[in-house]
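**Q** Structure incoming, see below.
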Amino acid sequence: MKRARLDGRALFDFSGSGGRFVADESTNFLMRHGGTLIITGAASLVAGGLGWFFRAVHLSRRLDADISSDLFQRLQSRLGDLERQVTARDEQNARLMADRAQMSEDLLKAKLALADRATPPVSILKAMIDRDVGLMWAERRAGKGEYPIVRVSSLVATLYIGGSVYECDGKPAAHVWPDPAACRMAEINERVHLQQEGEFVTIPVSSPWTGISGEIRGRKYPVRLHDGDDYIITIAEHFDREPEA
């Protein structure tokens with residue numbers, strides 16, 4: 001029989017070829033209680049890990065709330081900046097349109113004064129619109145709320161009807177801009193005529209002919225020609241509709 005010794009105590013006893021195993025009291029104690037110690041230690045480790053995990057989640061949520069609040073404040077500040085930029089742009093656009101309207105009116109008066117008296121004033125108005133490279137058109141007041149088109153510039157015809165400027169002569173505004181834009185224009189025309197002063201306008205428009213949509217931003221102003229008729233002249237720009245956020 002062979003024995004393995006450690007510190008003078010027998011740990012293993014091998015008898016014969018079968019190798020019978022004999023454990024002393026220390027070994028038996030470990031065998032009896034070691035599993036419990038391991039499980040208890042593992043449970044403590046898991047509990048500590050869970051505590052750390054929940055603390056991390058709580059901290060993460062608090063950080064997320066702080067980040068969300070900061071992001072909201074930044075977005076709100078940015079939105080305020082954009083609104084101020086848009087307002088400044090609209091104010092600048094209104095001033096430019098007012099200057100252009102005044103120059104157009106002065107030019108029309110000068111041309112009427114220099115023209116032969118035999119030339120119909122409306123022909124001079126049409127010629128001036130034909131040479132305009134932007135959005136410009138004139139409407140004659142035929143009655144309350146009735147404003148047939150006299151002439152549109154080539155850009156108006158191209159953008160909104162995809163055809164010739166002559167297609168619009170004598171037609172109502174609804175021929176170029178369907179309701180509700182046409183009704184809105186007639187309403188503004190009547191107000192400008194009654195007050196006899198220009199007005200900056202912003203009118204949402206869409207065209208079934210070309211598919212374009214957006215806003216007309218410009219100025220309408222009244223003119224009375226030598227033929228005794230009252231006209232509303234509009235000069236404007238087209239702004240594509242901005243996509244919704």
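Rule-based calculations on the coordinates, nothing more; no lab input. These numbers were taken from a predicted model, which means no experiment stands behind them. Please note: Cβ atoms are built from the backbone with ideal geometry, for glycine as well, and neighbour counts cover all protein chains shown.
**Q** Largest first and in whole Å, give the semi-axes of the range 91-240's equivalent ellipsoid, each being the square root of 5 times a Cα gyration tensor eigenvalue. Show your work: numbers first, answer last.
**A** Working: eigenvalues 102, 56, 48 Å².
They are 23, 17, 15 Å, listed largest first.
**Q** If I take R0 = 41 Å and measure r between the Cβ atoms of PHE239 and ALA118 in this structure, what FRET efficiency does the formula 1/(1 + (r/R0)^6) give, to the nearest 0.05? Please list the in-between numbers first.
**A** On the way: r = 42 Å, r/R0 = 1.01.
Computed FRET efficiency for PHE239 and ALA118: 0.50.
**Q** Which shape class, rounded, prolate or oblate, goes with the range 163-245 when its Cα gyration tensor gives a ≥ b ≥ c as root eigenvalues, a/c under 1.5 marks rounded, and past that a/b bigger than b/c marks prolate?
**A** oblate
**Q** Starting from the 7 Å offset along Cα-to-Cβ, what nm value, one decimal, do you get for the label separation of ARG78 and SER206?
**A** 2.9
**Q** Summing +1 for each Lys or Arg and -1 for each Asp or Glu, what net charge is found among the other residues whose Cβ lies under 12 Å from the Cβ of SER206?
**A** My count for the surroundings of SER206 gives -2.
**Q** Residue by residue through the range 229-241, which ³J(HN,Hα) values in whole Hz follow from phi under the Karplus form 6.51 cos²θ - 1.76 cosθ + 1.60 (θ = phi - 60°), with glycine and proline marked x?
**A** Couplings: 8, 9, 10, 10, 9, 10, 10, 7, 10, 9, 10, 4, 5 Hz.
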